[in-house]
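Have a look at the structure below before the remarks.
The values are calculated or read from the model by the stated rules, or taken from the named source; none is laboratory data. Everything numeric here is computed off the predicted structure, so don't read it as measured data. Note: ideal-geometry Cβ built from the backbone for every residue, glycine included; neighbour counts use all protein chains shown.
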Amino acid sequence: MKEKKRLHIIVSGIVQGVFFRAHTRNAAQNLGLVGWVRNLRDGKVEIVAEGRKKKLQELIQWCHDGPALARVDTVDVTWKDSTGEFQSFKVKC
């Protein structure tokens, strides 16, 4: 199954001010994924990623732990079809 998929993830807990975005970018790039990550005003982190389903599942697993200083309470995941709009994985402000 090499079909590309798209994930929309919302991570809540202590996930801002702990380098969650930078670590997410690194994890996604290491998995060969494209998309973006950003902080939300309500203290959560939002991630949109595209790539192979297996690699996206690995990103979901990573999100449940996050970086060392994070405390992840919930990871909400929505699967979608890939749009192919991204060329890389970036941190959005």
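Worth pointing out:
- Residue within the stretch 54-61 that is surrounded by fewer than 17 Cβ atoms within 10 Å (Cβ to Cβ) and either part of a strand (DSSP E or B) or free of Cβ contacts under 8 Å to residues at least 24 places away in the same chain (or both) present: yes
- Some residue of the stretch 15-22 being of a type in the set (A, V, I, L, M), farther than 19 Å from Phe86 by Cα and surrounded by 17 or more Cβ atoms within 10 Å (Cβ to Cβ): yes
- Restricting the stretch 29-53 to residues that are in contact with a Phe, Trp or Tyr (Cβ under 9 Å, 6 or more places away or on another chain) and aliphatic (A, V, I, L, M), the residue that is surrounded by the fewest Cβ atoms within 10 Å (Cβ to Cβ) is Leu31.
- Subset of the stretch 80-91 (residues that are over 14 Å from Asn26 (Cα atoms) and either loosely packed, with under 12 Cβ neighbours inside 10 Å or at pLDDT below 95 (or both)): Lys80, Asp81, Thr83, Gly84, Glu85, Gln87
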